[in-house]
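Student: Sharing a structure here in structure tokens format.
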Amino acid sequence: AMSTYKILVVDDEPDVLRMLQVVLGRRGHDVLTAPTGMEGLVTAQGERPDLVLLDIMMEGMDGWEVLKLLKLDPATHDIPVVMLSARVEPRDKIRGLQEGAVDYVTKPISVRELAGAIEAVLDRGAGSGVGARDEGLQDPGRRRRAGRAADARGRARQARPQRGHRADRARGPGHRPG
């Protein structure tokens, strides 16, 4: 059986939202859509999707801003984000990965490429509990490997060892950004 994941698509082009709703819905996913960055942020915080597909070029709050805020909020920090963009700039791809996105898919969207990216991300999430609903992830070796990969990613992200954590704690448990 295919797993059902909750996927949030944030894009200001109605055609893209409709297309992805159909394509991902057909694959058995539960698709949420948001036409603006702000709504995407609010939906991500309220619904805690398994994955966010985030368009970069949007009016108002663009995808970079949304990505930054998703990564700053402990409630949404661990949700994998795949950036969508019509720009095929290596610079943008690198920036996306540096800022915490897990992948970058260029428009016009190839459904096959996007499906591959989504499946890779959701399968990779095994160690973080994202994909725990998928029976295929019960193989402990695979889960350990996924966990190790996630640990390596976490270590890479946290190039400054542990210093940031203490600073966070110093602000006290009641402090939530925003």
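The values are calculated or read from the model by the stated rules, or taken from the named source; none is laboratory data. Source: prediction; values computed, not measured. When we count neighbours, we look across all protein chains shown, and the Cβ atoms used for this are built from the backbone with ideal geometry, even at glycine. Accessible surface areas use protein heavy atoms only, side chains included; no ligands, DNA or RNA. Shrake-Rupley method; radii C 1.70, N 1.55, O 1.52, S 1.80 Å.
Student: Which of the residues spanning the stretch 84-121 are in contact (Cβ under 8 Å) with a residue 40 or more places away in the chain, more than 17 Å from the chain's Cα centre (by Cα) and in a helix (DSSP H, G or I)?
Tutor: Answer for the stretch 84-121, where residues must be in contact (Cβ under 8 Å) with a residue 40 or more places away in the chain, more than 17 Å from the chain's Cα centre (by Cα) and in a helix (DSSP H, G or I): just VAL111.
Student: Another question, then. Scanning for something at pLDDT below 95, on the phi > 0 side of the Ramachandran plot and open to solvent by less than 80 Å² (accessible area, probe 1.4 Å), does the stretch 26-46 turn up at least one residue?
Tutor: For the stretch 26-46, residues at pLDDT below 95, on the phi > 0 side of the Ramachandran plot and open to solvent by less than 80 Å² (accessible area, probe 1.4 Å): present.
Student: Just give me the residues in the stretch 71-100 being exposed (fewer than 13 other Cβ atoms within 10 Å of the Cβ) and β-branched (Val, Ile, Thr), in sequence order.
Tutor: Those that are exposed (fewer than 13 other Cβ atoms within 10 Å of the Cβ) and β-branched (Val, Ile, Thr): VAL88, ILE94.
Student: Given the structure, is ARG124 of a type outside the set (Phe, Trp, Tyr), outside any helix (DSSP H, G or I), modelled with pLDDT under 85 and closer than 24 Å to LEU20 by Cβ?
Tutor: No, not satisfied.
Student: A further question follows. Quick one: is LEU54 among the aliphatic types (A, V, I, L, M), out of contact with any strand residue (DSSP E or B) (no Cβ under 9 Å at 6 or more places or on another chain) and modelled with pLDDT of 95 or more?
Tutor: Considered against the rule, which asks whether it is among the aliphatic types (A, V, I, L, M), out of contact with any strand residue (DSSP E or B) (no Cβ under 9 Å at 6 or more places or on another chain) and modelled with pLDDT of 95 or more, LEU54 comes out as no.
For every residue, the table says whether it meets (1) in a loop (DSSP other than H, G, I, E, B); (2) more than 14 Å from VAL121 (Cβ to Cβ); (3) not small (Gly, Ala, Ser).
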| position | (1), (2), (3) |
| --- | --- |
| GLY40 | no, yes, no |
| THR43 | no, yes, yes |
| PRO49 | yes, no, yes |
| VAL52 | no, no, yes |
| GLU59 | yes, yes, yes |
| TRP64 | no, yes, yes |
| LYS68 | no, yes, yes |
| THR76 | yes, yes, yes |
| VAL82 | no, no, yes |
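Student: Taking the stretch 97-125, which residues are basic (Lys, Arg) and out of contact with any Asp or Glu (no Cβ under 9 Å at 6 or more places or on another chain)?
Tutor: The answer is ARG112, ARG124.
Student: Suppose the filter is under 17 Å from ILE118 (Cβ atoms) and β-branched (Val, Ile, Thr); does VAL22 pass it?
Tutor: Here the answer is yes, as VAL22 does meet what is asked.
Student: Another question about this same structure. List every residue pair whose Cβ atoms lie under 8 Å apart, where the two residues are 6 or more positions apart in sequence or sit on different chains, the first residue falls within the stretch 23-42 and is closer than 11 Å to VAL9 by Cβ, and the second residue, located anywhere, is exposed (fewer than 15 other Cβ atoms within 10 Å of the Cβ) and polar (S, T, N, Q).
Tutor: HIS29/THR4
Student: So, one more: Applying the selection to the stretch 101-119, what residues are among the small types (Gly, Ala, Ser) and surrounded by fewer than 18 Cβ atoms within 10 Å (Cβ to Cβ)?
Tutor: SER110, ALA115, GLY116
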